[in-house]
Structure formats: structure tokens, C-alpha cells
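Single-structure report; data block below.
Every number in this text was worked out from the coordinates using simple rules, so none of it is lab data. Since the model is a prediction, treat every value here as computed from it, not as a measurement. When we count neighbours, we look across all protein chains shown, and the Cβ atoms used for this are built from the backbone with ideal geometry, even at glycine.
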Amino acid sequence: MPTIDLLDLDSTLDEEERQIRAVVRRVVDERVRPYVADWYERGAAPVRELAREFGRLGLLGMHLTGYGCAGSSAVAYGLACLELEAGDSGARSLVSVQGSLAMYAIRRYGSEEQKQRWLPGMATGELIGCFGLTEPDHGSDPASMATRARRDGGDWILHGGKTWITNAPVADVGVIWARADDGVRGFAVPLDTPGVSVREIRRKMSLRASVTGEITLDEVRLPADALLPGAAGLKAPLSCLTEARHGIVWGALGAARDCLETTLTYAATRTQFGRPLAGFQLTQAKLADMAVEWQKGYLLALHLGRLADAGRLRPEQVSVGKLNNVREALAIARQCRTILGANGVSGEYPVMRHGDNLESVLTYEGTSEIHQLVIGQKLTGLSAFS
């Protein structure tokens with residue numbers, strides 16, 4: 001397999017980080033790569049089986065501490081996301097939503113009882129979680145959410161709906177965000193609770209090796225202890241998104257790397273006009289530009305990971321990483337497709353699949369436009385969101 005590491009990037013990692021990367025790469029090579037084209041074509045993946053496999057490796061909530069979580073560094077978690085998404089964005093999304101959204105929300109904002117109830121099983125993959133923030137009419141503007149939570153004696157009543165929720169069709173618990181009289185609140189909702197219904201979203205043209213659903217909450221009665229006591233206000237779910245976006249900054253590089261490595265191999269062996277495609281100046285110019293952008297994206301992700309490990313990572317810095325790395329990864333996938341020609345649209349090669357997945361990654365957990373506005377607000381001191 002050709003290498004795209006022009007800058008000796010391996011030297012920036014310590015031995016433990018390289019070992020974690022190698023373990024995740026091996027499980028992706030064994031459990032994802034041989035089967036993912038078929039999963040994608042069928043629009044179905046063995047999510048529970050994969051979750052248990054990833055749980056055995058300690059990948060679920062790996063950057064969290066306690067309750068069965070590995071307590072790994074932010075950089076190690078990022079490297080795991082990169083390797084997972086080199087297999088498929090769906091594999092990384094499973095791990096990211098489980099660990100950085102659902103588990104992180106419970107770990108940071110939940111009661112001790114909630115942590116004990118949910119986190120150990122989620123860390124092993126025996127329990128699967130999802131994160132219910134996006135609504136049918138409210139995506140980039142979660143402050144306008146229509147889902148409501150009201151008190152009824154000692155209970156809570158939730159009513160509303162969430163959509164485009166990764167893992168929902170197979171999840172045991174959903175972290176659901178709703179507007180109460182005192183602002184936005186979060187709830188740990190067992191999805192077998194009466195009044196909760198989940199419908200799988202079909203006919204997706206992207207992330208087809210990932211399960212996505214709609215959650216309907218019809219006067220769902222919850223006990224008082226379903227409330228995440230530490231989560232008050234919109235900053236709570238937004239902090240969870242910041243946590244998850246860090247994994248995306250790394251993960252998008254995995255998809256781009258797989259596209260680049262596939263294309264380098266193809267260009268070296270595909271002969272046209274009497275020589276390999278890799279021998280043409282136009283091809284080399286494309287490959288050089290893509291490789292340079294990949295190195296830059298990696299260095300950006302690594303810098304953000306080191307900041308996170310030092311406790312100094314800020315939300316707008318994550319926005320820089322997500323905006324740049326997903327945008328460049330998608331550009332790389334599209335350019336690689338041109339080098340593969342008609343073969344670029346074949347499921348025999350991963351390039352078109354990665355490109356289709358990245359179209360979703362570009363817009364979920366904050367569209368490019370939202371991240372531009374986050375960065376713009378930091379630069380100018382002025383909010384352009386309303």
C-alpha cells in the first residue's frame with residue numbers, strides 16, 4: 001500500500017498512540033473493509049455486532065474516564081476515528097455518537113445513578129445510545145426546538161420529535177433535549193418507554209452503512225430521575241457537539257486517506273497511451289495537491305488534539321478543524337474520482353462511497369456555513385446568527 005506521509009508525521013506520535021492506531025486499523029481491516037461495500041449497497045450494517053466488537057477494544061467512550069471507559073487521550077481517540085472512517089464514515093459515526101454524544105452527555109451532566117445505570121453497558125457495546133437534538137423543522141437552529149418537557153407532579157412529560165438521529169433504530173437509550181419552563185433540559189430516555197416510537201430512515205444516498213431514525217415522543221411520561229441534573233440551557237447540548245466534532249476533524253482524514261491510497265495504487269497500475277496514469281503531469285499535479293492538503297489537515301487535527309489533552313481546546317478552534325478538514329476531504333474524494341474515471345463510481349472501489357458519506361459529514365453536527373459564522377463571530381466580535 002503506498003504511503004502519503006510526506007512529512008514524517010509518524011514522528012509526531014508516541015508509541016502508545018501508534019499502538020492504538022495499529023489496533024484500530026487491524027480491526028477495521030478485518031471487520032469492516034471486507035464487508036462494507038455490501039452493507040452500503042444493501043443499506044444495512046450489523047450495528048450491534050460492531051458495537052460489541054468496538055466495545056471489546058475499548059473504543060466506545062474511550063476518551064472518557066471511569067465506568068468502564070478507557071480514559072485515552074484526545075489524540076488517541078482522534079487516531080481511532082481516523083482509522084474507523086478510513087473503513088467507512090458509518091463506523092466512525094457509530095463510535096462518535098455513542099461515545100462523544102450519548103456517553104459524554106451522561107458522563108458530564110448525568111447523576112451518579114444515571115452514570116452507573118448506562119455507562120458501563122455502553123462502554124462494552126451491550127447498550128447503544130443516541131443523541132436527540134435535531135428536529136424536522138429545526139436543524140442548525142436548535143434554540144428554536146419544538147420538543148417540550150413539562151412537569152406533572154413528580155414526573156416529566158415529553159412531547160415532540162427528533163430526526164436524522166444516528167443509531168436511533170437500534171438504540172436502548174436516547175439523550176433527548178427538550179424545552180422546559182426553565183430552558184433547554186436533557187433527559188436519558190429508555191427508548192422502550194411507552195409513547196416513544198422510532199422509525200428508520202430509508203432510501204439514504206449517503207451513510208448507508210449507518211442506521212438513522214426518527215424519534216416520536218407522544219406524551220412520554222418519565223420519572224424525575226430521567227432528567228440530566230447538570231444539563232441546563234442550550235450550552236449543554238452544544239458542548240456535546242463540540243466534543244463530537246473533534247472526532248470528525250480526525251475522521252474525515254481517514255476517508256480522504258483511503259481515497260488517496262486507492263487512487264495512488266490505481267494510477268500506478270492503470271495504463272493509458274502507453275504508460276501508467278501516475279506518469280502524466282496532470283495526474284501528478286492532482287496527487288501532489290491532494291497529498292499536501294491531507295498533510296495540512298493532519299497537522300491541524302493533531303494540534304487540536306494536543307490542545308484538548310492540555311485542556312485548552314475552544315469551540316471555535318474545533319470549528320476551524322471541522323470546516324477545513326471535511327471540506328478538503330470531500331474535495332480529495334471528488335478529485336480522486338476523476339483519476340479513477342468510470343471505475344470511480346463502482347462499488348469495487350471505495351472512492352465514491354467515501355465521497356457520498358462526506359456529503360453528509362459536511363452538514364451534520366454543524367454545516368460549513370454554521371462553522372464559518374462561529375469563526376466569523378470570533379474574528380469580529382459580532383454574531384451573524386440572527
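Quick one: which residues, 5+ away or cross-chain, put their amide H under 5 Å from the amide H of residue 212? H built at 1.01 Å from N.
HN-HN under 5 Å from residue 212: 167, 201.
Take the alpha-carbon centre of the range 129-145, take the same for the range 163-180, and report the distance between them in whole Å.
About 10 Å separates the Cα centre of the range 129-145 from the one of the range 163-180.
When the chain is treated as a GNM, springs tying every alpha-carbon pair under 10 Å, which of 271, 367, 147 comes out with the largest mean-square fluctuation?
Greatest mean-square fluctuation among the candidates belongs to 271.
Could you tell me the largest-minus-smallest coordinate of the C-alpha atoms of the range 243-326 on each of the three principal axes, in descending order and whole angstroms?
Each principal axis gives a Cα extent; for the range 243-326 these are 55, 18, 17 Å.
Have a look at 339, 248, 268 and report the one farthest towards the positive end of the charge dipole of the range 236-371, computed about the Cα centre with Cβ charges (Lys/Arg +1, Asp/Glu -1).
268
What GluC sites (Glu not before Pro) does the range 281-372 have in DSSP loop regions with at most 12 other beta carbons within 10 Å?
On the way: sites: 293, 316, 328, 348, 359, 365, 369; in loops: 348, 365.
Of the GluC sites (Glu not before Pro), the ones in loops of the range 281-372 whose Cβ has at most 12 other Cβ atoms within 10 Å are 348.
The range 291-386: percent of C-alpha pairs farther apart than 22 Å?
Roughly 40 percent, rounded to a whole number.
Anyone know which of 141, 309, 14 comes out most mobile in the 10 Å Cα GNM of the chain?
14
Just to verify a number: FRET efficiency for residue 13 and residue 296, C-beta to C-beta distance, R0 = 22 Å, to 0.05?
Details: r = 17 Å, r/R0 = 0.78.
Efficiency computed from Cβ-Cβ geometry: 0.80.
In vacuo Debye scattering of the range 71-162, one point per C-alpha: log10 I(q)/I(0) at q = 0.19 Å⁻¹?
-1.09
With springs only between Cα atoms under 10 Å apart, run a GNM on the chain and tell me which of 371, 354, 246 wobbles the most.
Comparing 371, 354, 246 in the GNM, the peak value goes to 371.
For q values of 0.16, 0.19, 0.21 Å⁻¹, compute log₁₀ I(q)/I(0) with the Debye formula on a Cα-only model of the range 102-250, without solvent.
For the range 102-250, the Cα-only Debye profile gives -0.84, -1.23, -1.53.
Provide, in order from the shortest bin, the percent of all Cα-Cα pairs of the chain in each 20 Å bin, continuing until the bin that contains the maximum pair distance.
All Cα pairs considered, the percentages come to 29, 57, 13, 1, 0.
For residue 110, what charge total do you get from the other residues with a beta carbon under 12 Å from its beta carbon, if Lys and Arg give +1 and Asp and Glu give -1? Please report the intermediate quantities before stating the final value.
Values: positive: 107, 108, 115, 117; negative: 112, 113, 225.
Overall, the nearby charge balance is +1.
How much net charge surrounds residue 19 when only other residues with a Cβ under 15 Å from its Cβ are counted (Lys, Arg +1; Asp, Glu -1)?
-2
Of all alpha-carbon pairs in the range 7-112, indicate the percentage at a distance above 16 angstrom.
Taking all Cα-Cα pairs of the range 7-112, the fraction more than 16 Å apart is 58 percent.
Using the Karplus curve 6.51 cos²θ - 1.76 cosθ + 1.60 with θ = phi - 60°, what ³J(HN,Hα) values do you get for each residue of the range 109-114, in whole Hz, with x for Gly and Pro?
For the range 109-114, the Karplus-derived couplings read 10, x, 6, 4, 4, 5 Hz, x marking Gly and Pro.
Only four residue types carry charge here, +1 at the Cβ of Lys and Arg and -1 at the Cβ of Asp and Glu. Report the dipole size of the chain about the Cα centre in Debye, rounded to the nearest 20.
440 debye
Can you pick out the pairs among 204/235; 286/322; 235/322 whose Cα atoms lie more than 26 Å from each other?
In this structure, 204/235 lie more than 26 Å apart at Cα.
In whole Å, how far is the Cα centre of the range 216-261 from that of the range 322-386?
19 Å
5 Å is the cut-off here: which amide hydrogens, built 1.01 Å from N in the peptide plane, fall below it relative to residue 135, excluding neighbours closer than 5 in sequence?
163
Could you bin all the Cα-Cα distances of the range 197-341 into 10 Å bins starting at 0 and give me the percent of pairs in each, rounded to whole numbers?
10, 26, 26, 21, 10, 5, 2, 0
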